[in-house]
């Protein structure tokens with residue numbers, strides 16, 4: 001498998017067409033990657049989870065293309081979503097046991113969102129043991145990897161996502177998040193059995209649309225009342241999508257940009273255009289009503305962002321990234337990208 005998934009920083013300048021690029025773009029300087037900090041110790045020689053059931057999933061930690069260091073013990077492949085190992089509907093995973101002794105009785109899952117986004121995005125761009133981020137020459141070891149703390153598994157789900165195969169027509173049969181969670185439950189039971197992890201504390205983590213996945217999965221795990229496989233002890237979701245994107249993102253976007261205009265650093269022309277569109281798209285009236293107390297009644301559905309020039313958050317962040325490629329819309333006072341390119345703050 002060739003690790004060429006440049007999934008981060010894709011907003012770039014692509015969504016700035018309406019803003020007409022009023023700023024001079026500052027390009028990042030390409031620099032050598034930060035020094036490798038490998039998961040390097042004698043534990044690399046010992047594979048704690050290698051056995052007859054798992055050997056077909058074993059990854060050669062020294063043999064990944066473009067990765068010039070040992071990533072340590074890991075296992076990757078697909079497992080069925082039910083009791084039939086030959087089921088075409090399977091979920092792909094990459095499991096990294098931790099070398100931290102304190103992690104012995106737990107397993108932590110990471111899910112990206114989408115829906116339909118591969119969790120390799122999280123592994124390779126955010127919290128995995130090695131990263132290949134925009135602006136760097138090659139993958140580097142991640143000194144802040146969650147694997148330093150806990151046993152981690154990244155999963156591509158639902159079926160049809162990333163490397164997870166599906167039978168013809170199977171994806172269309174998934175109508176609800178409950179349906180998705182049922183598939184995941186079957187996969188998870190197979191995963192726990194394969195790697196002899198039964199009885200361990202289970203933590204579910206993720207981001208974005210995982211705000212839909214994780215509540216359903218964790219609820220159904222708890223309802224199963226089976227601590228051998230589904231011993232849920234906690235969940236954590238970064239920037240969770242727990243409602244429609246129009247309500248959570250687009251409607252409050254320009255209020256937020258106005259509040260932190262000194263950080264977004266957009267010029268007067270761009271700010272005027274964004275505020276005009278905020279009025280014309282109906283977001284200003286929606287927010288005034290939504291923030292009124294006591295409420296006049298149930299909050300209505302937010303205006304549709306798919307109308308022309310109403311995806312204002314994309315316009316605002318794209319403009320910010322255009323003039324500052326290291327702008328981080330998850331943490332606007334920080335920096336995005338590799339410290340060797342953007343510095344650290």
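Computed from the coordinates by the stated procedures, all read-outs in this text should not be read as laboratory data. Keep in mind the model is a prediction, meaning the values are calculated, not measured. Using ideal geometry, Cβ is built from the backbone for each residue, glycine included, and neighbour counts are taken over all protein chains shown.
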request  = Tell me which residues, restricted to region 51-89, are in contact with a strand residue (DSSP E or B) (Cβ under 9 Å, 6 or more places away or on another chain), within 18 Å of residue 120 (Cβ to Cβ) and part of a loop (DSSP other than H, G, I, E, B).
outcome  = 59, 64, 67, 71, 72, 74
task = Would you mind stating whether residue 289 is in contact (Cβ under 8 Å) with a residue 40 or more places away in the chain, surrounded by fewer than 17 Cβ atoms within 10 Å (Cβ to Cβ) and more than 30 Å from residue 57 (Cα to Cα)?
result = no
Matching residues in region 295-304 - criterion: being more than 14 Å from residue 243 (Cα to Cα) and surrounded by 10 or more Cβ atoms within 10 Å (Cβ to Cβ) = 295
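Results for (1) in contact with a helix residue (DSSP H, G or I) (Cβ under 8 Å, 6 or more places away or on another chain); (2) without any contact (Cβ under 8 Å) to a residue 40 or more places away in the chain; (3) assigned to a loop (DSSP other than H, G, I, E, B), shown as yes or no for each residue.
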position	(1), (2), (3)
240	yes, yes, yes
271	yes, yes, no
302	yes, no, yes
316	yes, no, no
